[in-house]
Amino acid sequence: MLNRRTLRIKIMQSLFAYEQCKEAEYLLALDHIDAFFQPDLNSMKVQDKALLKGQRTVALKQFEKKFHGQPAKESADPRIDKAVDEALSHHKKQTKKDFEFFRKNIVLEVEKISMFYYSVLNLIPAFETAASHDKRLVSRNLSSNPFIKALRENSDLRKETLRSGGGWDQHMDKVKDWYRDCVKPDKEFQRFMELPSPDLEAGKAFMKHLVRKIILGETAINSYFEEIDLHWAEDHEIIRSMTDKTLKSLEENAAVVEIQKLSLDWDEDKEFIEKLFVASTQLEAGYHELIASNTKNWEVDRLPLTDRVILQMAIAEMIDFPSIPVKVTINEYIELAKQYSTPKSRQFINGILDVISKELKQSGKIKKSGRGLMDNK
């Protein structure tokens, strides 16, 4: 099941990609100006290369000033103004498009976790089907397994699979290959299939092995999920936990399992995702200056992008989420830095956020209420 750290990771990943897109759009805007003042090779007129070079230089300087919100006089040369305006307009349009894409895509990326969870569950009876067609194997220990029967008969799983995908009916050739290469050679599988009459606990133990070591272990099956899910490293652990809970829900003499929900309150989690992503991308210039003033001997633009994103998210969360204690926010982003940034980032992020949080409290920018008032020492 999702927790807030998982959501923060998803938001961080999307913000990282969005910032990369912004940098790419900036470079494309510069390329537009450069191309605007290149000699026209198709023209019959003699091209004044020195004039074009001078226009390009002026246009780039004017673009930089306007891009950073600095005052810039209009040029006496309309071509320069046109090149700059086109570059700024294109950058603004594409950046807005990128923003909307990533804002919406975070929720879709999180919801995809459910689809992969259903895929893992459905792969278990699919392997039983593949085993039943194996003429060299007596598959009764699989066909009689109550967990497989419970999965096949679970109406919630069928409904969710139809709604979001995750079935294997159209991919049985792949399932058969995995059965042949990953499942059948497995020693635990062979041991289980040779048992005269496995009880519920033996069946559960093998199902746990099948999921953890064969489906989600270091096999071609796990590699397949890794190829189609960009964030499989994080999603993998969530899906394994959800599958374990489904297996544990099977009771003796009752072929019923509980299909896990991705979130206890998905509407609330979606609101958290939306609010934090937007707040992190729309920090006022003053907060960027606050980061800059506290990063001694470092220019903000020279910080690792991951650290910049983490600092932006942390400040946005401290300001815009009154119910989350400051200590909780700082600890969460220290952990993100530890897991996803450079070896020194944890200590760096800790020191910067501690100073910034105190400055924000003194200025009245941080206003906490309810649980947010907890000091969490």
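Here are a few things to note about the model shown:
- Filtering region 153-197 to residues that are free of Cβ contacts under 8 Å to residues at least 60 places away in the same chain, within 18 Å of Met115 (Cβ to Cβ) and either acidic (Asp, Glu) or touching a Gly at 6+ places or on another chain (Cβ under 8 Å) (or both) leaves Thr161, Asp169.
- Meets criteria (surrounded by 14 or more Cβ atoms within 10 Å (Cβ to Cβ) and closer than 23 Å to Ile11 by Cβ) for Leu264: no
- One residue stands out among those in region 123-176 that are in a helix (DSSP H, G or I), of a type in the set (A, V, I, L, M) and surrounded by fewer than 19 Cβ atoms within 10 Å (Cβ to Cβ): the one that is nearest to the chain's Cα centre (by Cα), which is Leu162.
- Counted residues, region 353-377 - those being under 17 Å from Ile291 (Cα atoms) and at pLDDT below 90: 0
- Any hit, region 341-349, residues being farther than 18 Å from Leu290 by Cα and among the hydrophobic types (A, V, I, L, M, F, W, C): no
- In region 209-230, of all residues being in contact (Cβ under 8 Å) with a residue 24 or more places away in the chain and buried (at least 17 other Cβ atoms within 10 Å of the Cβ), the one that is nearest to Arg8 (Cα to Cα) corresponds to Asp229.
- Test: Glu268 is out of contact with any His (no Cβ under 6 Å at 6 or more places or on another chain), part of a loop (DSSP other than H, G, I, E, B), without any contact (Cβ under 8 Å) to a residue 24 or more places away in the chain and outside the structural domain of Tyr118 (by TED's automatic domain parsing): no
- Of the candidates Val120, Val84, the single residue that is at negative phi, in contact (Cβ under 8 Å) with a residue 12 or more places away in the chain, assigned to a helix (DSSP H, G or I) and outside the structural domain of Leu195 (by TED's automatic domain parsing) is Val84.
- Members of region 45-83 found to be closer than 25 Å to Ala285 by Cα and among the acidic types (Asp, Glu), listed by number: Glu64, Glu74
The values are calculated or read from the model by the stated rules, or taken from the named source; none is laboratory data. The structure presented is a predicted model; accordingly, all values stated were derived computationally and were not measured. Heads up, the Cβs are rebuilt from the backbone with ideal geometry, glycines too, and the neighbour counts pull from every protein chain shown.
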